[in-house]
Each structure stands twice: as structure tokens, then as C-alpha cells.
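The values are calculated or read from the model by the stated rules, or taken from the named source; none is laboratory data. Only a predicted model underlies this, so the values are computations on that prediction, with no experimental measurement involved. Please note that ligands, DNA and RNA were not included when accessible areas were found on the heavy atoms of the full protein model with its side chains. Shrake-Rupley method; radii C 1.70, N 1.55, O 1.52, S 1.80 Å.
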Amino acid sequence: MTTPEAEPEQGGAPRPEERLEQAVRAAEQALIEYEIALETFRVEVENFSRLHEQRLGPVYARLEELEAQILEARAARTGDAGDRSRADEARARLMPIPGVEELLHGWMDGDGLFPEATAMLTDQAVRPPQRVRPGEEARKLYRELVRKAHPDLAQEDAERARREEFITRVNAAYARGDAGLLRELAEEWAAGPATRRRPSRGEELYVRLEWLDRRKEMLTLLAKELEESAIGAMLRLAPDDPDRLLEEIAEQLAAQVGERETELAGLLAR
């Protein structure tokens with residue numbers, strides 16, 4: 001790859017290498033902002049998924065059970081082999097893996113450890129998943145830390161490794177919404193060793209820009225996967241009020257449960 005040679009300044013215009021440095025800095029900051037937005041959305045998707053399962057999981061299970069009962073009732077009434085096959089398939093989807101409970105002496109079924117077993121093993125009470133949504137202070141601290149300590153700002157391998165380890169802890173604290181820990185991490189970073197930015201030659205700057213572009217493409221694919229996931233698509237419908245969206249979905253599911261119960265009662269009454 002060839003790069004333009006440095007030119008003498010004319011009329012105060014920046015040299016080509018200076019323009020490259022400005023482009024690299026702008027690309028680095030744009031990438032960091034993009035990663036911050038992506039990580040924030042990932043945390044929101046994870047939190048919404050947890051709340052979705054906690055609140056609506058039992059309703060979905062009830063709908064699946066009603067669907068199996070309806071198919072079984074229809075098969076019993078018609079005697080049709082196709083109806084019986086569909087009923088058996090629906091029931092099989094709801095059944096735990098055969099023999100697992102006996103094998104593990106009542107500690108686990110096809111869906112995993114029983115809540116009572118989990119409580120015994122961890123000495124903790126059975127409780128629903130904790131709701132986590134980073135507050136405004138946590139969001140502000142997270143953004144400031146990522147801007148300062150992002151690994152992409154490092155020019156040396158040792159410094160990149162140090163930043164990667166630090167940002168891993170920052171991400172974990174942010175995912176828990178722990179503003180206190182984020183404040184401690186901010187103090188730790190402020191007290192850490194200062195970093196020197198090594199002067200870059202034109203070739204290094206071009207390579208850096210290409211790397212930043214490839215990373216942006218990779219992050220774009222990750223963002224697309226999140227946005228197109230079932231939970232991500234739901235969250236995008238009401239990003240400012242996900243609780244209300246859950247209420248609306250719960251109302252719709254409750255109506256479907258009522259319809260299925262009415263249908264089943266009609267089949268059993270015949």
C-alpha cells in the first residue's frame with residue numbers, strides 16, 4: 001500500500017499526515033460511541049428478556065398446555081389418526097426428557113434444576129430474577145469510562161491488554177447497574193499509569209483506519225442480530241416504556257388463554 005508523502009505546509013493547510021491523524025481520531029471516537037450504544041442496547045435486551053420470561057413465561061406455558069388439551073380432545077372426538085398424531089406431538093413437546101428425574105433423584109427435570117434444589121445447593125431463597133436497568137448515573141459513568149479507557153485507543157499491546165481487562169470489569173458493573181462500583185472504577189482509572197500516544201507514520205494511520213472500518217462492520221452485524229432477535233424487535237417497539245409493552249402483551253395473551261379455555265370447554269361438552 002502506498003501513502004502520500006508529507007508535504008510542506010502551504011498557507012497554514014494541514015499536512016496529509018496530520019489530516020490522517022484527524023481522520024483516525026474521528027473514526028476512533030465514532031467507533032467508541034457506536035460500541036457504547038450497542039452495549040447499552042445489549043443490556044436493555046438482556047434485561048427485557050429476563051423480565052419477559054419472568055412475567056410471561058407461565059402464560060406461554062399455559063397456552064401450550066391448553067393447545068395440547070384441545071388437540072387431545074379433538075382427537076378423542078374424531079378418532080382420526082392425523083388428529084391423534086398432532087395431539088401426541090403437542091403433548092410430547094411439553095413432556096420432560098424421559099428418565100432424567102429418576103436418574104438425578106428428583107433434583108432435576110428436563111428443564112433444569114428444581115427451584116428447591118437450587119436453593120439447597122446455593123443456600124439462597126428461591127426468588128424471581130432481579131430487575132436490572134442501569135440508572136442515569138450509571139449510564140453517565142459508563143460512557144465516560146469507555147471514552148477514556150477503550151482498548152482501541154491503545155497503540156501498544158501491553159496497554160491494550162490492560163484496557164481490555166479494565167473495560168471487562170466496567171461492562172460487568174454496568175450490566176448490574178452498579179453505579180457505586182463504576183465510581184470506584186473511575187477512581188482506579190484516574191489513579192492508573194498515564195499512557196503515551198506514540199507518533200504514527202502515514203502507513204500506520206492507513207492500517208489503523210482500515211482496522212477501524214472492519215471493526216465497525218463487525219459491530220454492525222452484531223447490532224443487526226440484536227435488533228432482529230425476537231426480544232430486540234419487541235423492545236424497539238417501546239424503548240421508553242418497556243413495562244407498558246409487557247402489560248399489553250400480557251393482556252393479549254390473557255385473551256388468548258380465555259379463547260383457548262372456551263374452545264376446550266366446548267370440545268369437552270360435546
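The string of couplings for the range 80-87 from the Karplus curve (6.51, -1.76, 1.60, θ = phi - 60°) is 6, 5, x, 5, 5, 5, 5, 5 Hz, one whole number per residue in order, with x for Gly and Pro. Rolling a 1.4 Å probe over the heavy atoms of the protein chains gives the range 28-80 an accessible area of 46 Å² per residue.
Seen through its C-alpha gyration tensor, with square-root eigenvalues sorted a ≥ b ≥ c, the range 220-270 comes out oblate because a/c lies at 1.5 or above while a/b is not bigger than b/c. The phi torsions of the range 252-262, fed into the Karplus equation with coefficients 6.51, -1.76 and 1.60 and a -60° offset, translate into couplings of 5, 5, 4, 5, 5, 4, x, 5, 5, 5, 5 Hz, rounded to whole numbers, with Gly and Pro shown as x.
Working note: Karplus 6.51/-1.76/1.60 with θ = phi - 60° gives the range 22-31 the couplings 5, 5, 5, 4, 5, 5, 4, 5, 5, 5 Hz, where Gly and Pro are set to x.
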